[in-house]
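Student: For reference, the structure I am asking about is given below.
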Amino acid sequence: MTRPKFLIMMTVLAALSLSSVVAVAQDTEQDVYRIGAGDVLRLNVPQLPDLDGEITVQTDGSIYVQQVGEVAVAGLTLLEAEELLGRRLRLFDPSVAEVVLGVVEFNALRVFAHGAVSTPGAYTFETPPTLWEVLRAAGGPAENANLASCRVLSMVDGGLVSTSLDLSGYITGTGLPELVLRGGDTLVVPLVADGVVGVPASQGVQVFGGVNQPTTVPLTTPTELITILMLAGAPLEDAELNKVDWVHRGASGERRAAVRVNMRKFLEEGADEGNPLIYPGDVVYLPQRRASWFQEHLPLILSVVATTTTALLAFDRLGE
């Protein structure tokens, strides 16, 4: 074989190999992605150019194509949808040899990011995104983001499900929950209260109940209970300081212990047992006084008495 012929043959073989690689890559993409409601598809039928154009997948998962009507495509890969449309079209026109579908907008995988992120809004993805990918698409968390108390809202079986997440690992690059979001999910990143830094529960004390600012108070060393409550905005007027619930786990990691603390004894007598040292990872709950039945219903009772008195006076006047 002469050298020119050899070079020509090698060039042809290389071109064929390259086209095969491209075809495999395209087929792989078409095999992986599954069409969903809201996607905008590009339809191309070489034998019927009048059908070419963009089609939006409806909420019921169907698309409308002239001649064949509605076709359910949600959940199908692009190749499966192409084959389905081809079979339907050939029933009306046997000359149809090829149907090509592509995704113009991946709205089926639209995920929302709200709250303390740089750019709140809706973001679309070609594959189900991780939490890190959603945060990155939203420009990352804002400076006042409470990454330790994030939530993902999802629709499951027609009901809204809220999942609590600690995304503090976004800052360090480690420990981020391995959760993949679905189309329609919403990531909510809350704001941190003024003067309080959002930290994981293991690096602070979770304080809730009868305080002005339920939060996770940053803590690195043991700190007195009164200080913890003040950092949480101070107790409310109706807080029951004699019934503070404290959940603590010792340094050696033994089982958590729940303790009832009477802070009144510290405030009235200076007793140390009423103001224990609280440790990182602990939980403090400050209950609030509940109004008695009479207090809760006093407005209604007074209203009934006033109405009855007015009616009796009117009756007496009619009898005069």
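Student: Among what's in region 150-173 and is of a type in the set (A, V, I, L, M, F, W, C) and within 17 Å of Glu133 (Cβ to Cβ), pick the residue that is modelled with the highest pLDDT.
Tutor: Val152
Student: With the checklist (1) modelled with pLDDT of 90 or more; (2) not assigned by TED's automatic domain parsing to the domain that holds Glu178 in hand, flag the one item Val68 doesn't pass.
Tutor: For Val68, the failing item is (1).
Student: Also: In region 25-143, which strands (runs of 3 or more DSSP E) lie fully inside it and hold 1 or more residues that are over 30 Å from Leu191 (Cβ atoms)?
Tutor: 40-44, 53-56, 62-65, 69-72, 100-105
Student: Next question. Considering only region 46-67, how many residues are of a type in the set (Val, Ile, Thr), loosely packed, with under 11 Cβ neighbours inside 10 Å and over 29 Å from the mean Cα position of the chain (by Cα)?
Tutor: 0
Student: Test Glu105 against the stated conditions and say whether it is free of Cβ contacts under 8 Å to residues at least 40 places away in the same chain and touching a strand residue (DSSP E or B) at 6+ places or on another chain (Cβ under 6 Å).
Tutor: So Glu105 fails the test.
Student: Count, please, the residues in region 89-129 that happen to be buried (at least 16 other Cβ atoms within 10 Å of the Cβ), more than 20 Å from Gly36 (Cα to Cα) and in the same structural domain as Asp39 (by TED's automatic domain parsing).
Tutor: Residues that pass the stated criteria total 2.
Student: Take Ile35 and tell me if it is buried (at least 18 other Cβ atoms within 10 Å of the Cβ) and without any contact (Cβ under 8 Å) to a residue 40 or more places away in the chain.
Tutor: no
Student: OK, next. I'd like the residue in region 267-320 that is aromatic (Phe, Trp, Tyr) and modelled with pLDDT of 85 or more and, out of all such residues, is farthest from Thr215 (Cα to Cα).
Tutor: Tyr279
Student: State whether one or more residues within region 130-151 are touching a Lys or Arg at 6+ places or on another chain (Cβ under 8 Å), farther than 27 Å from Gln66 by Cβ, touching a residue at least 24 places away in the same chain (Cβ under 8 Å) and outside the structural domain of Glu54 (by TED's automatic domain parsing).
Tutor: Looking for residues that are touching a Lys or Arg at 6+ places or on another chain (Cβ under 8 Å), farther than 27 Å from Gln66 by Cβ, touching a residue at least 24 places away in the same chain (Cβ under 8 Å) and outside the structural domain of Glu54 (by TED's automatic domain parsing), one finds none in region 130-151, hence no.
The values are calculated or read from the model by the stated rules, or taken from the named source; none is laboratory data. Since we're looking at a predicted model, the values are computed, not measured. Here the Cβ is made from the backbone with ideal geometry for all residues, glycine too, and neighbour counts use every protein chain on show.
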